[in-house]
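The structure appears below as structure tokens.
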Amino acid sequence: MGYNAGSSGRRRVDVTAEEAVAKIADVVANIEMVVKGKTEAVRLAIVTLLARGHLLIEDVPGVGKTVLAHSLAQSLNCSFRRIQFTSDLLPSDILGVSIFNQSSHEFEFRRGPIFSNIVLADEINRATPKTQSSLLEAMSEGQVSVENETLALPAPFMVVATQNPIEYYGTYPLPESQLDRFHMRIHLGYPEREFERMIVTGMRSSEKLAAMTPVLNGDEVASLQERVERVRMESSLQEYLLEIVERTRASDRFQLGVSPRGAIALYRCAQAMAVVEGRDYCVPDDIKRLAAACFAHRVILSSRRRDGGWSTAETAEAVAELIESVSVPR
């Protein structure tokens, strides 16, 4: 392991494939001290981070969505802010606001919680669409425009959002433009009995989170993200990925198919999965394993329910069936 000074002046940490796997395993183990029995969800969260993406965790209340997001942030020696989304939350509560300074007789901009490495948008779909849209530029371009000025966000930057299913009271469906900014949407589900017993009889989650220590710093995260960008994907796998994307657009089962941004998300996540597993090349299983998590929240089924919504489970099932219909390259 060595160190290089990057163009931004930050120290870059060079890691080998073996060191990368070991560091990622440390993060997984650290998070699993708090989040019991959800190894696959934890790995997908780390994949999203390494792909420079944003993560949406959707599930019923009380299964650990916020705890997973918080424990990921606690595992990184980076700045972290939590924003509790409510119906009266304003865009200025996220981005910041200008306050008049009596001493200088000038307005000063006070930065909001969005200016952090890891931002937890808790129960994001309880805020109004206007407030939700304040995250669009940040998630897409890593910057925000306020007071006629464009301000860069810190790197690494990741939004981890949690939401309850749209069937629950007091929720606003996320618009397609917002959903498309999330690299992946994952679900936790109820824990198995042995893990639920450990949760019930063990320390409270708040105590476990307070006891966590970081296992990666910002420089190491940046180095792992750079390593992801060097992972190879053969042309046959690229065609496999694009064929899945094309079929979501051509299928009568979907009213809206996957966007080019969605194709990029799957490409980057497949590269990140290769790094997590110690490879510098992608394999078909990377794409097949991640496609549903990357695509299911981007498509819209042709048949909607009477209330105008659609079932998350039905959408995921439709995407999974479509993936199975595409021939896997040898």
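The values are calculated or read from the model by the stated rules, or taken from the named source; none is laboratory data. As the structure is a prediction and not an experimental result, all values here were calculated from the model. Cβ: placed from backbone, ideal geometry, glycine included. Neighbour counts: every protein chain shown.
Condition (residue is surrounded by 16 or more Cβ atoms within 10 Å (Cβ to Cβ), under 13 Å from the mean Cα position of the chain (by Cα) and over 21 Å from T86 (Cβ atoms)) applied to the range 125-142: is it met by at least one residue? Within the range 125-142 (the criterion being surrounded by 16 or more Cβ atoms within 10 Å (Cβ to Cβ), under 13 Å from the mean Cα position of the chain (by Cα) and over 21 Å from T86 (Cβ atoms)), the answer is no, since none of the residues qualifies.
Considering each of R227, R181 in turn, give the residue that is in contact with a His (Cβ under 9 Å, 6 or more places away or on another chain), over 19 Å from H70 (Cβ atoms) and surrounded by 19 or more Cβ atoms within 10 Å (Cβ to Cβ).
Working: R227 fails: in contact with a His (Cβ under 9 Å, 6 or more places away or on another chain).
Criteria check complete, one pass: R181.
Would the range 215-227 turn up any residue that is more than 20 Å from the chain's Cα centre (by Cα) and hydrophobic (A, V, I, L, M, F, W, C)?
First pass over the range 215-227, keeping only residues more than 20 Å from the chain's Cα centre (by Cα): none.
No, there is no match, as no residue in the range 215-227 is more than 20 Å from the chain's Cα centre (by Cα) and hydrophobic (A, V, I, L, M, F, W, C).
Between R110, R197, R193, the distinction of being surrounded by fewer than 19 Cβ atoms within 10 Å (Cβ to Cβ), more than 24 Å from K65 (Cβ to Cβ) and basic (K, R) belongs to R110 only.
None of L120, L95 is closer than 30 Å to N217 by Cβ and touching a His at 6+ places or on another chain (Cβ under 7 Å) except L120.
The condition of being closer than 30 Å to Y267 by Cα and touching a residue at least 24 places away in the same chain (Cβ under 8 Å) does not hold for G96.
Conditions tested, residue by residue: (1) at pLDDT below 95; (2) under 16 Å from the mean Cα position of the chain (by Cα); (3) among the aromatic types (F, W, Y).
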{"position": "S251", "(1), (2), (3)": "yes, no, no"}
{"position": "Q255", "(1), (2), (3)": "yes, no, no"}
{"position": "G262", "(1), (2), (3)": "no, yes, no"}
{"position": "A272", "(1), (2), (3)": "no, yes, no"}
{"position": "Y281", "(1), (2), (3)": "no, no, yes"}
{"position": "C294", "(1), (2), (3)": "no, yes, no"}
{"position": "L301", "(1), (2), (3)": "yes, no, no"}
{"position": "R304", "(1), (2), (3)": "yes, no, no"}
{"position": "G308", "(1), (2), (3)": "yes, no, no"}
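Out of the residues in the range 137-162 meeting the condition of being part of a strand (DSSP E or B) and more than 28 Å from P173 (Cα to Cα), tell me which one is modelled with the lowest pLDDT. That would be E149. Within the range 49-100, the set of residues being closer than 16 Å to S116 by Cβ and part of a loop (DSSP other than H, G, I, E, B) comprises R52, H54, S75, C78, S79, F85.
I199 passes every criterion in (1) over 29 Å from Q271 (Cα atoms); (2) without any contact (Cβ under 8 Å) to a residue 60 or more places away in the chain; (3) of a type in the set (A, V, I, L, M) apart from (2).
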